[in-house]
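Enquirer: Next up is a structure, given as structure tokens.
Values quoted throughout were computed directly from the atomic coordinates according to the rules given, and no laboratory measurement underlies them. Computed from a predicted structure; not experimentally measured. Cβ placement follows ideal geometry from the backbone for every residue including glycine, while neighbour counts extend to all protein chains displayed.
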Amino acid sequence: MVVVERKELSFLERIYFPAILKGLKITMSKMFAPRFTRQYPEEPLPTNEVTRGQPRLAVNPDDTIRCVSCGLCEAACPAYAITIDGHETERFIEREPERFDIDMLRCILCGFCEEACPKDAIYMSNELELADFSRAALVYDIEKLKRPVSALQDRIDYVKKINDRWQTSSST
């Protein structure tokens, strides 16, 4: 049988005084240390071309939408947040969306819609703030989703740069 000898605790150790002092020391050092918490409404989150914010529809300079209602973004969406109804047009482009809705409460900002789009019509913007007073207001229709190409240009250039790395020059 092994006998374990225990150290005899002093009175201060028995009432946890050293532990309390150590805890107060840590608290005081953290209390007066410089803050690194972002003060959100006053300091917006930094964004760049890599930021995947809310999806937006690209609108050409002549005010035509790039989308042809193919439905690939709707099919690629894992959260089933996108709903598209297309209709025929008289223009060179044969179809365009009559209804294009994204339920932002369902959207998980994954960017699959951006990757699936063959016409470069949908891009992830740098718009991150998502707050409203009703659930219905967070179902964005085609008018809320439209953004000029110039507003999305940083993201468009980034996506093209990423996709170009997969292109190989064929030398024959």
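Enquirer: Can you bin every Cα-Cα distance in the chain into 5 Å intervals starting at zero and give me the percent of pairs per bin, rounded to whole numbers?
Expert: Per 5 Å bin, starting at zero, the Cα-Cα P(r) for the chain comes out as 1, 7, 12, 14, 13, 10, 7, 5, 4, 4, 4, 4, 4, 4, 3, 2, 1, 1, 0, 0 percent.
Enquirer: Taking θ = phi - 60°, what integer Hz values does the Karplus form 6.51 cos²θ - 1.76 cosθ + 1.60 yield along the stretch 60-66, in sequence order, with x for Gly and Pro?
Expert: Per-residue couplings from phi come out as 5, x, 8, 6, 9, 7, 6 Hz.
Enquirer: Let me ask another. Using θ = phi - 60° and the Karplus curve 6.51 cos²θ - 1.76 cosθ + 1.60, what whole-Hz ³J(HN,Hα) does each residue of the stretch 69-80 get, with Gly and Pro shown as x?
Expert: 6, 6, x, 5, 5, 5, 6, 7, 5, x, 9, 6
Enquirer: In percent, what relative contact order does the stretch 55-164 have, based on Cα pairs under 8 Å that are 6 or more apart in sequence?
Expert: 33 percent
Enquirer: Continuing with the same structure: Using the Karplus curve 6.51 cos²θ - 1.76 cosθ + 1.60 with θ = phi - 60°, what ³J(HN,Hα) values do you get for each residue of the stretch 138-150, in whole Hz, with x for Gly and Pro?
Expert: Result, rounded to whole Hz: 9, 9, 7, 8, 4, 6, 6, 8, 5, 9, x, 4, 4.
Enquirer: For Lys160, Lys146, what's the fewest-to-most ordering of other Cβ within 10 Å of each Cβ?
Expert: On the way: Lys160 10, Lys146 17.
By the 10 Å Cβ count, ascending, the order reads Lys160, Lys146.
Enquirer: Now a separate question. If you look at just the Cα atoms of the stretch 83-134, how large are its Rg and its Dmax in Å?
Expert: Over the stretch 83-134's Cα set, Rg and Dmax evaluate to 13.7, 41 Å.
Enquirer: Run the simple label-point estimate for Trp166 and Ser134 please: 7 Å along Cα→C-beta, distance reported in nm.
Expert: Modelled inter-label distance: 4.1 nm.
Enquirer: What is the stretch 67-129's relative contact order, in percent, from Cα pairs under 8 angstrom and six or more apart in sequence? Provide the component values of the computation, followed by the final result.
Expert: On the way: 92 pairs, mean separation 21.8, N = 63.
About 35 percent, as a whole number.
Enquirer: For the chain, list the cysteines whose Cβ sits under 4.7 Å from no other cysteine Cβ?
Expert: If one checks each Cβ against the other cysteines of the chain, Cys67, Cys70, Cys77, Cys107, Cys110, Cys117 turn up with nothing under 4.7 Å.
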